[in-house]
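See below for the structure under consideration.
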Amino acid sequence: MRYVEEFRDPVAAKSVLSKIEEVVEDIGATADKPVHIMEICGGHTHAIFRYGLDRLTPAGIEFIHGPGCPVCVLPMSRIDECVEIAERPEVIFTTFGDAMRVPGSRKSLLQAKADGADIRMVYSPLDALELARRNPEREVVFFGLGFETTTPSTALSIQQAAREDLTNFTVFCNHITVPPPIKVLLDDPDMILDGFVGPGHVSMVIGTHPYDFIAEVYGKPIVVAGFEPLDLLQSVLMVLEQIRDGRAEVENQYARVVPEHGNPVSLAAIEDVYEPRPRFEWRGLGEIDASGLRIRDVYKAFDAEVRFKVGYGAGERSVEEPEGCACGQVMTGRLKPYQCPHYGKGCTPDMPLGALMVSSEGACAAYFQYSAMEAAE
């Protein structure tokens, strides 16, 4: 298939759904005893609800929404540190738009901007670099946020800043990695996970082998998936077929985009600029060893944590979630969004209490947006 319409073909979808129903029946999965499949990526979560795949697939499949939204898993303490940096009069703070409304314990970046902080939305760290060139008298800080998907662009920007000796450009690094939290979830005796739909964009950078431990150590199948309806349906079918056949392998449904060994240029930039943090705090999961990245000493002149003496380098800081907020439980698959007592009441996209209602990849935002669309229809 070459065109996006082909990946949304209802006739082809019905054929795959028919095969899914057959395999679910072969497994013996039912609504009372379903197969639990976790989609790791928030983009997959939104696609599932946008296209109604949760309603089209048999009742014997239970989708579990994993910690696949980097904005959502960021703890409130890091948002507080963003605001702390942004409120400095000498700083121009730059960020992607989906981080603007994430609540901190005092305020969000959007509220800090309304209060007078110079906070600007950018589409790339290259935009922040250009701001640094044009404003040599100001400190330009880029909010480096995301999984392995966005990590290379930040790394390349730091390398470019070093070549140009842009001494007024720094990155507040909050880049994190996907495999460690999957291990934490698999080690949790209360989690029931039978298989995984693996992230497509992350895998485009790192390849498929970082997931080998899921199959080899834990005996669970994982299929790296694309983002169109037929991508996801085919990936679910591939996971189910592995379960039926008693196999546990890493398979690549998204081979048209994801190379087995990843993108060597991106991986080289990551290796050059970053090193693993000893640990990093994840919303809902706590501290996870070697799950975050920090800027290497050779590039410390571009590290906002060093320049502004915030973050892990300045001591530990932890902030409790708002009372009753279930973001952590939703993000780790323990609750559905509608089971949070604040969902749709004290927490809406217009007035979010938690990050999962803000982000374009948040599970609560997906439920709210597409359940509302369904009700309107």
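The values are calculated or read from the model by the stated rules, or taken from the named source; none is laboratory data. What you are looking at is a predicted structure, and each value in this text was computed from that prediction instead of being measured. Here Cβ is always computed from backbone atoms with ideal geometry, including for glycine, and neighbour counts include all displayed protein chains. Only protein heavy atoms, including side chains, enter the accessible area calculation; ligands, DNA and RNA are left aside. Shrake-Rupley method; radii C 1.70, N 1.55, O 1.52, S 1.80 Å.
General observations
- Accessible surface computed residue by residue for the stretch 1-56, with neighbouring protein chains in place and a 1.4 Å probe, gives 57 Å² per residue.
- Of the trypsin sites (Lys or Arg not before Pro) found in the stretch 19-109, those in coil by DSSP whose Cβ has at most 15 other Cβ atoms within 10 Å are ARG106.
- At q = 0.06, 0.07, 0.14 Å⁻¹ the log10 of I(q)/I(0) for the chain amounts to -0.23, -0.32, -1.21, computed by Debye summation with a single uniform scatterer per C-alpha, solvent ignored.
- By the Cβ distance rule (another cysteine Cβ under 4.7 Å), the unpaired cysteines of the chain are CYS41, CYS82, CYS173, CYS325, CYS327, CYS340, CYS347, CYS364.
- Per residue accessible area in Å² of the stretch 176-231, where ligands, DNA and RNA are left out and the probe is 1.4 Å: 32
- With the convex hull of its Cα atoms as the shape, the stretch 240-287 has an orientation-averaged projected area of 6.2 nm².
- Modelled label positions at SER18 and VAL319, each set 7 Å beyond Cα in the direction of Cβ, lie 5.4 nm from each other.
- Pairs of Cα atoms nearer than 8 Å and 6+ residues apart set the relative contact order; for the chain it is 21 percent.
- Cα-based equivalent ellipsoid of the stretch 174-320: semi-axis lengths in Å, sorted from largest, via gyration tensor: 32, 19, 12
- Of the trypsin sites (Lys or Arg not before Pro) found in the stretch 239-344, the ones in coil according to DSSP and having at most 11 other Cβ atoms within 10 Å of their Cβ are ARG256, LYS309.
- P(r), alpha carbons of the stretch 108-173 - 5 Å bins starting at zero, rounded %: 4, 17, 27, 24, 17, 8, 3, 0
- Shape class for the stretch 123-213: prolate, because the ratio a/c of the largest to smallest gyration tensor axis (alpha-carbon atoms, square roots of eigenvalues) is 1.5 or more and a/b beats b/c.
- Secondary structure note: in the chain, about 20% of the DSSP beta bridges are antiparallel.
- For the stretch 8-100, the ratio of Cα radius of gyration to the globular rule of thumb 2.2 N^0.38 Å stands at 1.64.
- The residues of the stretch 91-132 expose on average 42 square angstrom of accessible surface per residue, using a 1.4 Å probe on protein heavy atoms.
- One chain, two ends: ALA255 and LYS309. Fully extended at 0.36 nm per residue, the span grows by 15.1 nm beyond their Cα-Cα distance.
- Set of the stretch 156-178 residues, backbone N closer than 16 Å to the point 7 Å along the Cα-Cβ line of GLU137: 168
- Tensor-based shape of the stretch 239-336 (alpha-carbon gyration tensor, a/c under 1.5 rounded, otherwise prolate or oblate): oblate
- The accessible surface of the chain, taken with every protein chain in place and a 1.4 Å probe, is 51 percent carbon and sulfur.
- A helix-only calculation puts the chain at -11000 deg cm²/dmol for mean residue ellipticity at 222 nm, using -39500 (n - 2.57) for each DSSP H run of at least four residues, averaged over all residues.
- Amide H contacts under 5 Å for GLU148, placed H, 5+ residues apart: VAL178
- Across the stretch 7-12, coupling constants 3J(HN,Hα) worked out from phi with the 6.51/-1.76/1.60 Karplus curve, θ = phi - 60°, read 7, 10, 5, x, 5, 5 Hz, and Gly and Pro carry x.
- Computed from label points 7 Å out along Cα-Cβ, the spacing between ASP289 and MET121 is 4.1 nm.
- Rg(Cα) / (2.2 N^0.38 Å) computed for the stretch 33-155, rounded to two decimals: 1.34
- Proportion of all alpha-carbon pairs of the stretch 293-373 beyond 15 Å (%): 63
- A straight Cα-to-Cα reach below 16 Å connects LYS336 with the lysines LYS345, residues fewer than 8 places away in its own chain not being considered.
- Restricting the GluC sites (Glu not before Pro) of the stretch 99-173 to loop positions (DSSP other than H, G, I, E, B) with no more than 12 neighbouring Cβ atoms within 10 Å leaves GLU137.
- Antiparallel %, DSSP beta bridges [both residues in the stretch 163-288], to 5: 35
- Span from the the stretch 271-346 Cα centroid across to the the stretch 41-85 one, whole angstrom: 15
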